[in-house]
Amino acid sequence: MQTREDIFNILRDALVELFELESERVTLDANLYQDLEIDSIDAVDLIDHIKRQTGKKIAADDFKSVRTVGDVVEAVHRLVNPAA
């Protein structure tokens with residue numbers, strides 16, 4: 001079972017690595033599109049990275065409502081901990 005903190009740390013590292021962001025910019029409240037300047041192509045890359053890390057696929061519909069890093073953490077947490 002992964003905690004939200006574990007997921008955030010993995011996600012932060014992925015955002016830094018994939019999109020060359022400074023780690024201090026990646027906070028739970030950071031808006032993916034406005035604050036981190038991630039576009040729709042980047043979002044697809046991020047979904048693919050999450051799939052490789054978790055072994056589970058995130059449905060595109062589940063990702064449509066995601067706006068902040070915290071939203072992604074929650075979506076991944078529900079995915080890897082379905083009973084939580």
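Here are some notes:
- Additional length obtainable on full extension of the chain from Ala60 to Val44, 0.36 nm per residue less Cα span: 4.9 nm
- Computed from phi, the 3J(HN,Hα) profile of segment 63-72 under the Karplus parametrisation 6.51, -1.76, 1.60 (θ = phi - 60°) reads 8, 5, 8, 6, 10, 10, 4, x, 4, 5 Hz, with x in place of Gly and Pro.
- Derived scalar couplings ³J(HN,Hα) [segment 75-80; Karplus, 6.51 cos²θ - 1.76 cosθ + 1.60; whole Hz; x for Gly, Pro]: 4, 5, 4, 5, 5, 8
- Phi to ³J(HN,Hα) by Karplus 6.51 cos²θ - 1.76 cosθ + 1.60 over segment 34-42, Hz, x for Gly, Pro: 8, 6, 9, 6, 8, 9, 5, 5, 4
- Relative intensity of the chain on a log10 scale, I(q)/I(0) at q = 0.12, 0.16, 0.27 Å⁻¹, equals -0.29, -0.53, -1.73, per a Debye sum over C-alpha point scatterers of equal strength in the absence of solvent.
- Each label point was placed 7 Å from the Cα along the Cα-to-Cβ direction; for Asn81 and Val16 their separation is 2.3 nm.
- Here the relative contact order of the chain, from alpha carbon pairs under 8 Å that lie six or more residues apart, stands at 39 percent.
- Here segment 1-23 and segment 53-84 have alpha carbon centers that stand 13 Å from each other.
- Taking amide H atoms as placed 1.01 Å from N in the peptide plane, the amide H of Thr68 lies under 5 Å from those of Leu32, each 5 or more residues away in sequence or on another chain.
Computed from the coordinates by the stated procedures, all read-outs in this text should not be read as laboratory data. Keep in mind it's a predicted model, so treat the numbers as computed, not measured. We place every Cβ from the backbone using ideal geometry, glycine too, and count neighbours over all the protein chains shown.
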